[in-house]
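The values are calculated or read from the model by the stated rules, or taken from the named source; none is laboratory data. Keep in mind that this is a model prediction, so the values were computed, not measured. Note that each Cβ is placed from the backbone with ideal geometry, even for glycine, and that neighbours are counted across all protein chains shown. Ligands, DNA and RNA are stripped out before the accessible areas are found, and what is left, the full protein with its side chains, is counted by its heavy atoms. Shrake-Rupley method; radii C 1.70, N 1.55, O 1.52, S 1.80 Å.
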Number of protein chains: 2
Amino acid sequence: MSSNNVASFNEARRVAIFGGTHGNEMSGVTLVNLWMMNSREEIQRKGVETQPFITNPKAVEKCSRYVDTDLNRAFTTENLSAPHGKDLPYEVQRAQEINRLFGPKGSSEAYDVIFDLHNTTSNMGCTLILESSKDHFNLQMMNYIKKAIAPDSCPVLLNEDPGLKYATARSVAKHSVGLEVGPQPQGVLRSNIFEAMRIILKHALDFIELFNEGVEFPPCTVDVFKVSERMDYPRDSNGNIIAMVHPNLQDCDWEPLTPGDPMFQTFDGKTIPYEGAGAVYPTFINEAAYYEKQQAFVTTRRETLAANAIRKV
Amino acid sequence: MSSNNVASFNEARRVAIFGGTHGNEMSGVTLVNLWMMNSREEIQRKGVETQPFITNPKAVEKCSRYVDTDLNRAFTTENLSAPHGKDLPYEVQRAQEINRLFGPKGSSEAYDVIFDLHNTTSNMGCTLILESSKDHFNLQMMNYIKKAIAPDSCPVLLNEDPGLKYATARSVAKHSVGLEVGPQPQGVLRSNIFEAMRIILKHALDFIELFNEGVEFPPCTVDVFKVSERMDYPRDSNGNIIAMVHPNLQDCDWEPLTPGDPMFQTFDGKTIPYEGAGAVYPTFINEAAYYEKQQAFVTTRRETLAANAIRKV
Ligand SMILES: [Zn+2]
Ligand SMILES: [Zn+2]
C-alpha cells in the first residue's frame, strides 16, 4: 500500500454517515434524518456516494440508548457470525444487517468510510475518534479537519488498545471515524452542538472529494489523546456509588489531571485526590451512558502520530 | 384558618421528601437513597417526622423517567379512585399506593408537607414550584428560603392555572413543594446541582422546625413567575420538528423574551422571532422530557404575591 513513504489508497467512493447508533443522541439522529429527507445536496460531493443511515431505528423511536444491548459494542466476530434468528437480541440482528449492507467487516467489499455521529454529556467539544494509529488516510483526514476548523479545536481520541477498544458499528468500514460532540444531555438537541457536528462533517466530506480528485497530501503529524485507563466511581462494599466527580474535575475534559488533584467528592464532603504516577488527560468525564459501564471517566496520554503522505492509487 | 390577617396552621409534624418521581433525575434519587440508608440525622428536626421516600423505584432501577406513564401526572381523581388491579399501568398502581401512604389527597389525614425533588436539563437553577398562590404557609416558606440562600437566588414558579397544572405526586400533601434543579442531564449526577438541592432542603426543614416551635412569621411578599403559556417547537405538516431553540434563548431561563427576539432556529439557518404581545420570562427551555409533551419552553409572567403572617394553632 505504501511506496517512497507515500501511502496509496483507492478512491473513497462509498461513504456512509451513521446517526442514531445510540437512539437518544439527538444531533446525529436529526442530521441524518434531515439528510435522508430533503437536504441530500449538503452531503453530496463529486465522485462520492454518501449514504445517510439510521443504525438503530427502534432505539431512536424510543429515544433510548438501545433496546436490548449496546449496538456500538455489538460488532464482534461472534455476533456477526451467529446463526441468524429472531431470538437474537435486536441490536445483534441489526449488527448483522448493517454488516451485510456496509461490510462485510474486514472485506474488500466493505464501505470505504463510515462516520458515526455521537453525542456525550461530557464537555468534550468536537472529538474525532480513531481506532488505529496506522491508518494514514484517517490521520490525513484528521489533520485536514483540524486545520479547516482552526482556531476552533477538535481533539483526536485514539482508542486502539485491544483491552479497551470495543466492537463499534463504524468498524465495518475500511476507514472508521467516530465523532463525539458534547456537552449535550440525552434526548436534547442543542443548536450549538448540532452546528458544530455539521461543520466537522462538511470538512470531512470535502477532504474525501479532494482525495478522490487526486490531491496528494504531504506527510504531517497529528496530536492525539491515547486512551490509557478506565476510572470507576468510588463504591461501597455493596457496589453503590459513594462519590461524585469533583467540581474541579467536572467539565474539564482534556485538561491535565496531576497527582494530588481533586478527583471525586464523597456525599459527606470528602475530597478524593488523583493518585496516579503522572499527569493524564481525562475525558468522557461524567458521561451519562457510562454509569452502567462503571466508568466515571477515562484517562488519556498525549502522543504525536506521524502520517505518511497519501494519494489515490 | 385566618384571623386578624394572621393565618393559623397546625404544626407540620409529618413531612415527606420524594425522590425518583422521575427515575433518571439523579440528585433527588441519590439524596433520598442517602437519607434512607445512613444519613437520616441530616433531615431530622425537633418535632418533625421526616420521611425520605423513593416514589418510582421501577423507573429508578431502569434509570428512565417512567415505566408505563408519567407518575407526576398520575394523581388525578380518576386514577386515585380507579378499582385496584394488576392491569392498571404501573405508575397508576403506584399513585394509589402513595396516596394511601401519604394521603388521602385532600383529606385531614394527609401528610402536612411533601417536597418532591426533580432535575431538569434546563438552566433553571434552584427553582421552587408552587401550586397555589393562596397557601400562606408555603409562601412564607419560599420567603424564608430565598432570604436564607441570598445572595444566591431561587426563582419561584407558580403553576395554578387549571388548564396548565398537572396532577403531581406532591399534590397528595396539604402543602406541596416542587424543587426543580438544573441544568443536569438525565442519568447524570453533578456535584454542584446535588449540593444546591441539598441546601434548599436544609433551609426548608429549618423553616418547618421554627414554625413548629411557635415562631410567628410576619407578613411578606414573594416575587413569583406565573406560568402563562406552553410553546411547542415549530413543526412541518407531518408533525416533525423543523427548528431548535435559538442559541440566544438557549440557557436563558428567567431572562426576558421580548417581541422580535430570536426564539427558534430552523435547520436551514432561519431565525424565528418571538411574536407575543409583550415581554415574557421563559423557563423549562429545551427540557429533555418535554419533547414528548410537545413543549419547547413555557412562558411566565412576573407577579408579586402577598403572604399573610402565619403562626401555629
Ligand atoms: Zn453514543
Ligand atoms: Zn422531574
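For A:Asn99, are the conditions met, namely being within 14 Å of ligand 1 (Cβ to nearest atom) and in a helix (DSSP H, G or I)? Considered against the rule, which asks whether it is within 14 Å of ligand 1 (Cβ to nearest atom) and in a helix (DSSP H, G or I), A:Asn99 comes out as no.
Looking at B:Met231, B:Met197, just one residue is of a type in the set (A, V, I, L, M) and within 14 Å of chain A (Cβ to nearest Cβ), and that residue is B:Met197. Among the residues of the range B:229-265, those that are under 26 Å from B:Asp161 (Cβ atoms) and charged (D, E, K, R) comprise B:Glu229, B:Arg230, B:Asp232, B:Arg235, B:Asp251, B:Asp253, B:Glu255, B:Asp261.
Which condition does A:Asn123 not pass, out of (1) in contact (Cβ under 8 Å) with a residue 60 or more places away in the chain; (2) assigned to a helix (DSSP H, G or I), if it passes all the others? So A:Asn123 meets the others, but not (2).
Would you confirm, using the coordinates I've provided, whether A:Gly239 is surrounded by fewer than 17 Cβ atoms within 10 Å (Cβ to Cβ), closer than 21 Å to A:Glu292 by Cβ and more than 10 Å from chain B (Cβ to nearest Cβ)? So A:Gly239 passes the test. Which of the residues spanning the range A:280-313 are farther than 23 Å from A:Phe137 by Cβ and among the basic types (Lys, Arg)? Selection gives A:Lys293, A:Arg301. Of all residues in the range A:77-96, exactly one satisfies the criterion of being in a loop (DSSP other than H, G, I, E, B) and either of a type in the set (Ser, Thr, Tyr) or within 15 Å of ligand 1 (Cβ to nearest atom) (or both), namely A:Ser81. If you go through the range A:48-75 and pick out every residue that is open to solvent by 40 Å² or more (accessible area, probe 1.4 Å) and not in a helix (DSSP H, G or I), you end up with 7. For B:Val113, state whether it is open to solvent by 30 Å² or more (accessible area, probe 1.4 Å), more than 16 Å from ligand 1 (Cβ to nearest atom) and of a type in the set (Val, Ile, Thr). Judged against the criteria, B:Val113 is not a match. Restricting attention to the range B:22-34, does a residue exist that is modelled with pLDDT of 95 or more and more than 30 Å from A:Ser64 (Cα to Cα)? No, because not a single residue in the range B:22-34 is modelled with pLDDT of 95 or more and more than 30 Å from A:Ser64 (Cα to Cα).
Can you confirm whether A:Asn119 is under 16 Å from the mean Cα position of the chain (by Cα), crowded, with 20+ Cβ neighbours inside 10 Å and over 14 Å from A:Val172 (Cβ atoms)? When the stated conditions are applied, A:Asn119 passes them. Filtering the range B:20-46 to residues that are more than 10 Å from every other protein chain (Cβ to nearest Cβ), outside any helix (DSSP H, G or I) and within 10 Å of ligand 2 (Cβ to nearest atom) leaves B:Gly20, B:Thr21, B:His22, B:Gly23, B:Glu25. Sort out for me the strands (runs of 3 or more DSSP E) sitting completely within the range B:242-313 that have 3 or more residues that are away from chain A (no Cβ under 13 Å). By residue number, B:297-307, B:309-312. All conditions in (1) within 14 Å of another protein chain (Cβ to nearest Cβ); (2) under 14 Å from the mean Cα position of the chain (by Cα) hold for A:Leu157, with the sole exception of (1). Considering the conditions (1) within 14 Å of another protein chain (Cβ to nearest Cβ); (2) in contact (Cβ under 8 Å) with a residue 60 or more places away in the chain; (3) closer than 23 Å to A:Phe267 by Cβ, B:Ser191 is excluded by exactly one of them, (2). Taking the range B:3-47 as the range and being touching a Ser or Thr at 6+ places or on another chain (Cβ under 8 Å), open to solvent by 20 Å² or more (accessible area, probe 1.4 Å) and touching a residue at least 60 places away in the same chain (Cβ under 8 Å) as the test, only B:Ser8 passes. For A:Ala74, all conditions in the list (1) within 16 Å of ligand 1 (Cβ to nearest atom); (2) without any contact (Cβ under 8 Å) to a residue 12 or more places away in the chain; (3) small (Gly, Ala, Ser) hold save one; what is the number of the exception? Unmet condition: (2).
Selection of the range B:274-313 for residues being open to solvent by 10 Å² or more (accessible area, probe 1.4 Å), of a type in the set (A, V, I, L, M) and within 29 Å of B:Leu210 (Cα to Cα) yields B:Leu305, B:Ala306, B:Val313. Residues of the range B:294-313 that are over 20 Å from A:Ile193 (Cα atoms) and either modelled with pLDDT under 95 or among the aromatic types (Phe, Trp, Tyr) (or both): B:Val313 alone.
Assessment of the range B:187-210 against the conditions (surrounded by fewer than 20 Cβ atoms within 10 Å (Cβ to Cβ), out of contact with any strand residue (DSSP E or B) (no Cβ under 9 Å at 6 or more places or on another chain) and more than 30 Å from A:Pro234 (Cβ to Cβ)) yields no matching residue.
Remark: pairs (first residue in the range B:169-185, in contact (Cβ under 8 Å) with a residue 60 or more places away in the chain; second residue of a type in the set (Phe, Trp, Tyr) and open to solvent by 10 Å² or more (accessible area, probe 1.4 Å); Cβ separation under 8 Å; 6+ apart in sequence or on different chains) = B:Val172/B:Tyr111; B:Ala173/B:Tyr111; B:Lys174/B:Tyr111. Screening the candidates B:Thr221, B:Thr283, B:Thr304 for the property of being in contact with an Asp or Glu (Cβ under 8 Å, 6 or more places away or on another chain) and more than 29 Å from A:Gly187 (Cα to Cα) yields one hit, B:Thr304. Does the range B:162-179 include one or more residues that are open to solvent by 10 Å² or more (accessible area, probe 1.4 Å), within 14 Å of chain A (Cβ to nearest Cβ) and out of contact with any strand residue (DSSP E or B) (no Cβ under 6 Å at 6 or more places or on another chain)? Within the range B:162-179, not a single residue is open to solvent by 10 Å² or more (accessible area, probe 1.4 Å), within 14 Å of chain A (Cβ to nearest Cβ) and out of contact with any strand residue (DSSP E or B) (no Cβ under 6 Å at 6 or more places or on another chain). Only one of the numbered conditions (1) within 14 Å of chain B (Cβ to nearest Cβ); (2) surrounded by fewer than 21 Cβ atoms within 10 Å (Cβ to Cβ); (3) at pLDDT 95 or above is not met by A:Cys220, and that is (1).
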